[in-house]
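Structure record follows, encoded as structure tokens.
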Amino acid sequence: MRARRQIIMAILMTAAIGAFPAAQAAGFSPATQQAQSKLASLGFHPGSADGFLGPRTITAIKEFQTKSGLPVTGGLDSATLAKLDVVAGSPSPPAEAASQASPTPQSTAVSDWRAAPSQDELDKLTAKVNDPSSPYTDYRPNAPAANLDLPGAAVLAAMKTSSDTFGSGPPGTAKSTPQSHKAMLTCLNTRPTHWPDIAIHYYCQLYQPRACFTYALRGESIPAGKKYPRTGAYQGCAAGKLKDAAAFAFVTKTQPQIFQYVMFGQTNAFKPEQEQAIINAFYGVSNPADPKECRLKRPRRAEDPSDGTHCLANKTMSEHLVGKGT
């Protein structure tokens, strides 16, 4: 009887595993998370915006493809992503082909996809921090994607200014020092899984100024034990009222709007293709689809894959990025 039960259990487990397509094993993808949010906003039912291509998401994709007159594959191919207005350099393949997927090239051009925001616009964006309809600064798990454009050239210029000033860039770049570069690499491994890629790479170049902001977020500033929200941390550091605020004056003098726009954004606030184009340009990656070049030139954040695909917009991350409670 026991042997029979074991056989039955094995059959059931095999069937359960088979019920999930190969795409489910493909892992987290920022582009999939963006697509899930867009599908939900259009009235489809992809399940949680968790960045995984699971059964409910595949069903929703097929329904969307049918309604849109696209080939019904269940995968996030280029045509489907374009129809959803989700830009990604490595589209998700049909479910049955996921295990044979290979990355495709993506755009490396950086431009100001939007103008740098004014302070009035930033104040309006951050005013609704707890409003479910405003995902820009919302820390809820699986918050809907905002798909915001980035002032790409301005962000890239700010990153270079910070790197050149504090020496945090790769060896051989302007004023790079081993101490500052090591601090930048350590910063990338702090696991803020509610931060988008562009936020952590931008922030980690600010070797000295970021101390004030970090202490405020961690509850290590003034008063001791108080953890500030990102907006409050910025305001306190900019006003010179918090620990190590003097160094933060660099931010308020050189890039106040860029800092706020990038750093207040939720995990999935920005278009992933634009994020990766800026980051790759900063590190000098000319072909994001080349694993060797990606490994050689661009440092990984803690959640990035280790196979050289971390330069891609549709990369598979070891730990998926989600929001957290406010």
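The values are calculated or read from the model by the stated rules, or taken from the named source; none is laboratory data. Because the structure is predicted, anything quoted here is derived from the model rather than measured. Here the Cβ positions follow ideal geometry from the backbone for every residue, glycine too, while neighbour counts run over all protein chains shown. For the accessible areas, the whole protein counts, side chains as well, though only heavy atoms, and no ligand, DNA or RNA atoms are used. Shrake-Rupley method; radii C 1.70, N 1.55, O 1.52, S 1.80 Å.
Name the long-range amide H neighbours of Asp112: under 5 Å, sequence gap of 5 or more, or other chain; modelled H, no Pro or chain starts.
Result for Asp112 returns Gly152, Ala153.
Each residue of the stretch 150-162 in turn: what ³J(HN,Hα) in whole Hz from Karplus with 6.51, -1.76, 1.60 and θ = phi - 60°, glycine and Pro shown as x?
Taking θ as phi minus 60°, the curve returns 10, x, x, 5, 5, 5, 4, 5, 5, 4, 5, 4, 5 Hz for the stretch 150-162.
Report the gain in length on full extension from Lys253 to Lys182: 0.36 nm times residue separation, minus Cα-Cα distance, nm rounded to one decimal.
Values: separation 71, 0.36 × 71 = 25.56 nm, distance 2.54 nm.
Stretched out fully, the Lys253 to Lys182 stretch lengthens by 23.0 nm.
Name the lysines eligible as straight-distance cross-link partners of Lys128: C-alpha to C-alpha under 28 Å, and not fewer than 8 places from it in the same chain.
Correct list for Lys128: Lys38, Lys226, Lys227, Lys241, Lys243, Lys253, Lys271, Lys324.
Each residue of the stretch 235-252 in order: what ³J(HN,Hα) in whole Hz does its phi give by Karplus 6.51 cos²θ - 1.76 cosθ + 1.60, θ = phi - 60°, with x for Gly and Pro?
4, x, 5, 5, 7, x, 9, 10, 4, 6, 5, 4, 5, 5, 4, 4, 5, 5
Given the options Ala313, Phe264, Thr254, identify the residue whose Cα lies farthest towards the positive end of the charge dipole of the stretch 228-325 (+1 on Cβ of Lys, Arg; -1 on Cβ of Asp, Glu).
Farthest along the dipole direction, towards plus: Thr254.
Quick query: amide H of Leu148 versus all other amide H atoms, modeled in the peptide plane; which residues come in under 5 Å with a sequence gap of 5 or more or a different chain?
Phe270, Lys271
Could you size up the charge dipole of the stretch 259-326 around its Cα centre, putting +1 on the beta carbon of Lys and Arg and -1 on that of Asp and Glu, and report it in debye to the nearest 20?
Using Cβ point charges on Lys, Arg, Asp and Glu, the stretch 259-326 gives about 120 debye.
Which of the lysines could be linked to Lys292 by a straight reach, that is with a Cα gap under 19 Å, when you skip same-chain ones fewer than 8 residues away?
Partners found: Lys315.
R0 = 35 Å: FRET efficiency of Thr161 with Ser318, Cβ-based, nearest 0.05? Mind showing how you got there, number by number?
Values: r = 31 Å, r/R0 = 0.89.
That gives a FRET efficiency of 0.65.
Accessible area per residue of the stretch 238-326 at 1.4 Å probe, in Å²?
Averaged over the residues of the stretch 238-326, the accessible area is 36 Å².
What's the FRET efficiency of Gln119 with Lys83 using the Cβ-Cβ distance as r and R₀ = 41 Å, to the nearest 0.05?
Working from the Cβ atoms, E equals 0.70.
I'd like to know which of Tyr202, Pro170, Ala157 lies farthest towards the positive end of the charge dipole of the stretch 147-219, counting +1 on Cβ of Lys and Arg and -1 on Cβ of Asp and Glu.
The listed residue farthest towards the positive side: Pro170.
Between Ser286 and Ser306, what is the spin-label point distance in nm, taking each point 7 Å from the Cα along the Cα→C-beta axis?
Calculated label separation equals 3.0 nm.
Sort Trp195, Trp113 from largest to smallest accessible area, using a 1.4 Å probe on the heavy atoms of the protein chains.
Most to least solvent-accessible, the answer reads Trp113, Trp195.
With θ set to phi - 60°, apply the Karplus curve 6.51 cos²θ - 1.76 cosθ + 1.60 along the stretch 38-44 and write out the HN-Hα couplings as whole Hz, x wherever there is a Gly or Pro.
5, 4, 5, 5, 8, x, 8
Could you pull out every residue, at least 5 positions away or on a different chain, whose amide H is within less than 5 Å of the one on Lys226? Hs are placed 1.01 Å off N in the peptide plane, and Pro or chain starts have none.
Sorted by chain and number, the residues that satisfy this are Ser221.
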